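For reference, the structure is listed below as structure tokens.
The values are calculated or read from the model by the stated rules, or taken from the named source; none is laboratory data. None of the values given here were measured: they were computed from a predicted structure. In this analysis, Cβ positions are derived from the backbone assuming ideal geometry, glycine residues included, and neighbour counts consider all displayed protein chains. Protein only, heavy atoms only, side chains kept; ligands, DNA and RNA dropped before computing areas. Shrake-Rupley method; radii C 1.70, N 1.55, O 1.52, S 1.80 Å.
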Amino acid sequence: MKKFGLATRILIGLIIGVVVGLILQPAPNVARTYIKPFGDLFLNLIRMVIVPLVLASLVVGSASTENVRRLGRIGVKTIAYYLITTAIAIIIGLIIGNVLKPGAGLTLPSDAKVTPAKPPSITDVLLNLVPSNPFKALVDMNMLQIIVFAIFLGVGITILGEKGKPVLTFFDSLAEISYKIVGIVMLYAPIGVFALIVPVVATQGAKVLIPLLKLIVGLYIGLALHAGIVYSLLVKTLGKRSPGEFFKKASPAMLVAFTTCSSSATLPVTMEVTEKDLNVPKTVSSFVLPLGATINMDGTALYQGICALFVAQIFGINLGFAQQLTIILTATLASIGTAGVPGAGLIMLTMVLQSVGLPMEGIALIAGVDRILDMGRTCINVTGDIVGAVVIAESEKMKT
Ligand code: ASP
């Protein structure tokens with residue numbers, strides 16, 4: 001097994017799980033009693049690491065606003081650009097999820113099924129962003145509140161300067177440790193995914209596979225729309241370039257991203273094409289691109305939007321307007337907190353699901369095909385960074 005990469009092993013786990021599930025169809029109870037606990041173990045392992053991971057990585061992420069202060073105008077513009085395009089990406093994901101309904105036609109029972117509570121009012125949603133007791137937020141795994149608290153911590157650390165450094169170092173180290181734990185937990189993922197899918201297929205039959213296919217197609221349609229419409233328009237109007245030319249020049253970075261599934265690993269190529277082929281000055285690219293590779297993930301955001309709806313649909317849960325608004329907020333922040341490494345978006349998806357009370361079992365289904373989803377979303381993550389660099393460079397040109 002060792003000679004296969006993790007993604008392949010997870011896919012193999014999924015395939016074997018489907019086969020075993022089909023074989024066990026006459027005896028679904030066997031699957032539920034003897035195999036499912038191994039899947040539940042996987043879910044617990046992921047849940048275990050979410051809170052420290054999200055808290056620590058967001059504290060560190062927001063503490064690096066030190067750069068923003070220094071770079072003033074460029075920083076504010078860049079962040080605004082990133083937030084707006086990310087939110088648009090999630091909205092595209094939600095629209096596709098609502099129109100295409102990738103998870104419809106199949107209803108899985110879930111242990112963690114929440115009776116969809118009456119959707120809270122928008123005022124409540126906004127007020128509830130701020131935890132009156134941050135420790136309670138941590139204990140309850142209230143993701144939005146944890147995020148808000150983390151951002152406050154990060155900003156506080158930055159303002160304090162030297163004195164804040166020890167706490168920053170602590171969270172930096174905690175974030176690294178959390179990623180290591182995720183790495184360990186993921187070693188168990190092939191078995192976890194196997195054990196989660198067996199009882200599903202044993203109870204539901206082969207019809208569970210169709211939603212997955214629809215999810216893949218839906219995501220790629222969404223990504224293509226985001227690039228074809230949003231990026232093309234931005235490049236043309238604000239970037240003052242021809243979109244065709246832009247995509248042609250950006251394509252080496254897009255392809256590296258597609259194959260490595262890592263924005264961070266692609267960064268050297270991204271910088272090269274942006275500076276050399278797209279003529280973006282170093283002063284802009286050296287700030288906008290590394291920041292973008294860390295916090296700007298439109299593809300991941302779009303993916304989280306569509307996946308949240310997918311999970312809601314397969315568990316027969318109806319998400320109202322307020323809940324979809326919560327998804328836009330959490331997925332924006334989750335995509336910021338996502339590291340530019342393969343599979344990171346899947347882990348952060350748990351946070352989005354948690355924020356609207358969706359069952360985490362959905363992760364298992366998605367995990368089996370996540371590599372295919374990761375390739376597309378990473379490609380768009382990197383493209384979004386390059387568009388950002390071009391747009392910011394052009395707006396700076398007008399200033400001088
Ligand atoms: N692999 C993605 C990236 O590096 C992150 C993700 O998993 O969504 O951009």
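Results, tabulated for the structure shown:
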item: Residue among L55, L126, L45 with the largest mean-square fluctuation in a Gaussian network model of the chain, springs linking Cα atoms under 10 Å; result: L126
item: Residue with peak Gaussian network fluctuation, the chain [Cα springs, cutoff 10 Å], from I79, I91, I147; result: I79
item: Local electrostatic count at K276 - Lys and Arg +1, Asp and Glu -1, tallied over other residues with Cβ under 12 Å; result: -1
item: Degrees between helix 263-272 axis and first principal axis of the chain (Cα, 0 to 90, nearest 10); result: 30
item: Sum of side-chain charges, F247 neighbourhood, beta-carbon under 13 Å (Lys, Arg +1; Asp, Glu -1); result: +2
item: Unit charges at the beta carbon, dipole of the chain: most positive-side option, V185, G164, A257; result: A257
item: Accessible area of S262 in the full protein assembly, 1.4 Å probe (Å², nearest 10); result: 10
item: Mean separation of Cα contacts under 8 Å, 6 or more apart, over the residue count of the chain: relative contact order %; result: 31
item: By average C-beta atoms within 10 angstrom, highest first, the peptides 356-363, 292-299; result: 292-299, 356-363
item: Heavy-atom accessible area ranking, 1.4 Å probe, most first, across L138, L53; result: L138, L53
item: Mean separation of Cα contacts under 8 Å (6+ apart) over length of the stretch 287-400, as relative contact order %; result: 41
item: Carbon/sulfur fraction of accessible area - the chain, other protein chains in place, 1.4 Å, %; result: 71
item: Reach of K282 by Cα under 19 Å, taken over aspartates and glutamates that are not fewer than 8 positions away in the same chain; result: E272, D385, E394, E396
item: Mean accessible surface per residue for the chain, computed with a 1.4 Å probe while every protein chain stays in place, in Å²; result: 43
item: Cα long-axis angle, helix 66-100 against the chain (0 to 90 degrees, to the nearest 10); result: 40
item: Residue with peak Gaussian network fluctuation, the chain [Cα springs, cutoff 10 Å], from L238, L196, L58; result: L238
item: Degrees, to the nearest 10: 6-23 long Cα axis against longest axis of the chain; result: 30
